[in-house]
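The values are calculated or read from the model by the stated rules, or taken from the named source; none is laboratory data. Quick caveat: nothing in here was measured; it's all calculated off a predicted structure. In this analysis, Cβ positions are derived from the backbone assuming ideal geometry, glycine residues included, and neighbour counts consider all displayed protein chains.
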Amino acid sequence: MIAYREEIFHPGLLTPVIATGLLREARNGWLVREQTTPVVETTRLGETFLSVEGAAGPNLLPIPDSLRPTITAMRALVRGDTLALRKAFALELSDAPEGWRLDLTQPGADRLAILGCGDVVRAFEIAPVEGARRVLHFGDAG
């Protein structure tokens, strides 16, 4: 399990929305996101469908093609699977203010990056062309 603190920077909001929780891989290979704040919600991401369970009950939805690269990257991060990242993305490593930045590129996909220092992955950044930029910081979700 990996604790996360997610910052969602929406163009229409002055301050980011903060969500916290845990990421893990289920025995069936699905990626599970257990959000604890600001609302309790569990999202399970399979190969073709995602399930969201919250106060309103369960909801099963097809995964849009536009989200597949992001889910592939998140699943590889949780598994520690660098080979999956190499197979799915063009990778570009560069210096960052507090360590290193690994940009993950795939034609037509959101801009994705993994940030870290030394051998520690600290964050995962999702920057769509339009909409809310998200940064998941790993470690203490406090």
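General observations
- Any pair with Cβ under 7 angstrom, 6 or more apart, that starts in the range 81-103 at a residue that is closer than 17 Å to Arg68 by Cβ and ends at one that is loosely packed, with under 15 Cβ neighbours inside 10 Å: Leu85/Leu91; Phe89/Thr105; Ala90/Thr105
- Residues that are of a type in the set (S, T, N, Q) and in a strand (DSSP E or B) within the range 19-62 comprise Thr20, Gln35, Thr36, Thr37, Thr42, Thr43, Ser51, Asn59, listed in sequence order.
- Ser66 vs. criteria of a type in the set (Gly, Ala, Ser), part of a strand (DSSP E or B) and surrounded by fewer than 15 Cβ atoms within 10 Å (Cβ to Cβ): no
- Criterion violated by Met74 - all others in (1) in contact with a strand residue (DSSP E or B) (Cβ under 7 Å, 6 or more places away or on another chain); (2) modelled with pLDDT of 90 or more; (3) part of a strand (DSSP E or B) satisfied: (3)
- Some residue of the range 12-35 being modelled with pLDDT under 90, loosely packed, with under 11 Cβ neighbours inside 10 Å and within 20 Å of Ala127 (Cβ to Cβ): yes
- Whichever residue in the range 39-53 is within 15 Å of Asn28 (Cβ to Cβ) and exposed (fewer than 15 other Cβ atoms within 10 Å of the Cβ) and, among such residues, is modelled with the lowest pLDDT: Glu47
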